Each structure stands twice: as structure tokens, then as C-alpha cells.
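The values are calculated or read from the model by the stated rules, or taken from the named source; none is laboratory data. All figures in this text were calculated on a predicted structure; none of them were measured in a lab. Cβ sites come from the backbone with ideal geometry, for glycine too, and all protein chains shown count toward neighbours. For the accessible areas, the whole protein counts, side chains as well, though only heavy atoms, and no ligand, DNA or RNA atoms are used. Shrake-Rupley method; radii C 1.70, N 1.55, O 1.52, S 1.80 Å.
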Amino acid sequence: SQQGEEDPQALSIQEGENATMNCSYKTSINNLQWYRQNSGRGLVHLILIRSNEREKHSGRLRVTLDTSKKSSSLLITASRAADTASYFCATLETSGSRLTFGEGTQLTVNP
Amino acid sequence: EPEVTQTPSHQVTQMGQEVILRCVPISNHLYFYWYRQILGQKVEFLVSFYNNEISEKSEIFDDQFSVERPDGSNFTLKIRSTKLEDSAMYFCASSADLAGVPFFGPGTRLTVL
């Protein structure tokens, strides 16, 4: 089974608009994390939400988690051209040490 | 701010050769990981390491792969006989605890010719 599927696969918006990306998963999780990756570069951790949390904020980022639907969303408000990157969700299962990454959403913010 | 470092940033090797990818995790972290990302694909877990032994490994991590913490600071991934399909970006990560945030290094791009 595939864990951590994001949608949309690609999203193109104008600067100043909000961007919403969704992630679904299949197993029980300890936490869910969102990462950002600029083309060909490393992974930058954005935010972690635990399974007993429903919403978390960090600056312009807002993450929600619905464990009953096994889904999460990442909202970036007032987007900037510098937000252009790939965004991945990753889940840590309740048993185990591995992060399982999704396919990612490619976000393009046009100036 | 402490960070995970990896060397080299880019390694080119011939098929069948052995490669060692090196990582220096954050100094007070106890959990260490290797992940890989084939170009254009998602990031895949390879192995986790704690208390000087492998705690979990994926199906990808076969007998061609091994990890070692040879001293108090380095964490290495060895691929004994590289294949073309091993070409990927390899990321090392470390975390202070099992459910905490893993900090990723910048990656080593491995190209197998």
C-alpha cells in the first residue's frame, strides 16, 4: 500500500494567493511532518504535527490533521515566489523508526 | 545552529565499485538514518541506526548495503558493488529521539556509470 500521497501533484498560483496541499496516508501514525525541497537540494523540515493534535501554525504555515480520515493539509498563506519548491508529507508510524514520504506537490508561485 | 553534514556532495563511480558515503550527524543525537531519492521520485527510507546497531531497514537495504558508526562522530553508508540503479541522492539524517524531528543533511549525489 502507498503511504503519504499528496494532491495535487502540481500547483501554480500567483504571489499573494494561498496554497493548499493535501496528504493522505493508510496506517496508524505517531506524527506527520511536512518538508520542502528546492530543486536538486536537501530536505528542509517545515512542521511536525502529532497524532493527538488537530491543527498547528508556524508563521505563514498552517497544518491540519484528521486521523479519522487519515489525511493532512498544509496551507501556505500569502505565498511568495521564494515558496516555489516541492512539498512532501512524511509519516512516522506508531511502531517503527522510518519516515514514509509521499510523492510530493510541486508548487510554483508566479511573481 | 548545528547541522548534519555529508561528504562528498557528488560521487561518480563505475558499476561494480564500492562507495562509502559519509555523514556527521548532530553531536547529541542518538538516532541516525539513511534515505535515498532517485531523480524525480519520492524519498525512500533505507535504514535506521541506534545504539550501534540497525534498528530498522527497508527492502532496498539488501546485502550490498552496510552502515557503520566507526567513531563518535561519523556515520557511513557503504555500497559494496554499485549498480546503475543505485544512482540517486542519498540523504543522511539524525534525531535526538525516535519520534522527534529528523534533521537532514544536504545529500550526496551518487552517479553510477
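Only bridges with both residues in chain B count here: give the DSSP antiparallel percent, nearest 5.
Bridges in chain B that DSSP calls antiparallel: roughly 90 percent.
Report, for the stretch A:5-110, the % of DSSP beta bridges that are antiparallel, rounded to 5.
DSSP beta bridges in the stretch A:5-110 are roughly 90 percent antiparallel.
Which residue, A:Gly16, A:Gly96, A:Gly40, has the most motion in a Gaussian network model of chain A that connects Cα atoms within less than 10 Å?
Evaluated over chain A, the most mobile residue of the options is A:Gly40.
Taking accessible area as the heavy-atom solvent-accessible surface of the protein chains with a 1.4 Å probe, which residues of the stretch B:82-113 lose no less than 30 Å² upon going from the isolated chain to the full protein assembly?
Buried-area filter returns B:Phe91, B:Leu98, B:Ala99, B:Val101, B:Pro102, B:Phe104.
List the lysines whose Cα lies under 19 Å from the Cα of A:Lys56, skipping any in the same chain that are fewer than 8 positions away.
Straight-line reach from A:Lys56, under 19 Å: A:Lys69, A:Lys70.
Per residue in the stretch A:87-111, which ones lose no less than 50 Å² of accessible surface when going from chain alone to all protein chains (1.4 Å probe)?
A:Ser97, A:Arg98, A:Leu99, A:Phe101
Over all distinct Cα pairs, what is the inverse of the mean 1/r for the protein assembly as shown, reported as the Kirkwood hydrodynamic radius in Å?
18.0
Within the accessible area of the protein assembly as shown, what % is carbon and sulfur when the probe is 1.4 Å and the other protein chains stay in place? Spell out each step's value before the answer.
Working: 4900 of 10760 Å².
C and S fraction of accessible area: 46 percent.
Rolling a 1.4 angstrom probe over the protein chains, ignoring ligands and nucleic acids, what is the accessible area of A:His45 in square angstrom, nearest 10?
About 60 Å², rounded to the nearest 10.
When the Kirkwood hydrodynamic radius is evaluated over all pairs of different C-alpha atoms of the stretch B:5-98, what value in angstrom, to one decimal, is obtained?
13.6
Using a 10 Å cut-off around each Cβ of peptide B:33-43, what is the average number of partner chain Cβ atoms that fall inside? Write out the running numbers ahead of the final one.
Values: counts 3, 0, 5, 0, 6, 0, 1, 0, 3, 12, 12.
Averaged over the peptide's residues, the number is 4.
With chain A treated as a Gaussian network of Cα nodes joined by springs under 10 Å, which of A:Thr64, A:Thr94, A:Thr20 yields the largest mean-square fluctuation?
Looking only at A:Thr64, A:Thr94, A:Thr20, the biggest GNM fluctuation is shown by A:Thr94.
If you average the alpha carbon positions of the stretch B:71-86 and of the stretch A:70-111, how far apart do those two centres end up, in angstrom?
That distance is 28 Å.
Checking the cross-link filter: which lysines have an alpha carbon closer than 23 Å to that of B:Lys78, excluding same-chain neighbours under 8 positions apart?
Output for B:Lys78: B:Lys42, B:Lys57.
For the B and A pair, go ahead and give the buried accessible area with a 1.4 Å probe, both sides summed, in Å² to 100.
1700
Across every pair of different alpha-carbon atoms, what Kirkwood hydrodynamic radius in Å does chain A reach?
About 13.9 Å, per the Kirkwood formula over Cα pairs.
Computed over the Cα atoms, what is the radius of gyration of the stretch A:1-58 divided by 2.2 N^0.38 Å, N being its residue count?
In units of the globular-protein estimate, the stretch A:1-58 measures up at 1.28.
Give, rounded to the nearest 20 debye, the magnitude of the charge dipole that the protein assembly as shown has about its Cα centre when Lys and Arg contribute +1 at Cβ and Asp and Glu contribute -1 at Cβ.
In total the dipole reaches around 240 debye.
On average, how much accessible surface per residue is there in chain A, in Å², for a 1.4 Å probe, leaving out ligands, DNA and RNA?
46
So for chain B, averaging the separation of alpha carbon pairs under 8 Å that are six or more residues apart and normalising by length, what relative contact order in percent results?
Relative contact order of chain B: 38 percent.
What accessible area per residue comes out for the stretch B:12-103, rounded to a whole number of Å², with a 1.4 Å probe? Walk me through the numbers on the way to the answer.
Details: 4440 Å² over 92 residues.
On a per-residue basis, 48 Å².
Using a 1.4 Å probe and ignoring any ligands, DNA or RNA, find the accessible area of B:Lys57 and quote it in Å² to the nearest 10.
Approximately 110 Å² for this residue.
Please check: in the Gaussian network model of chain A (C-alpha springs, under 10 Å), which one of A:Ser68, A:Ser12, A:Ser95 has the largest mean-square fluctuation.
Of the options given, A:Ser68 has the highest mean-square fluctuation.
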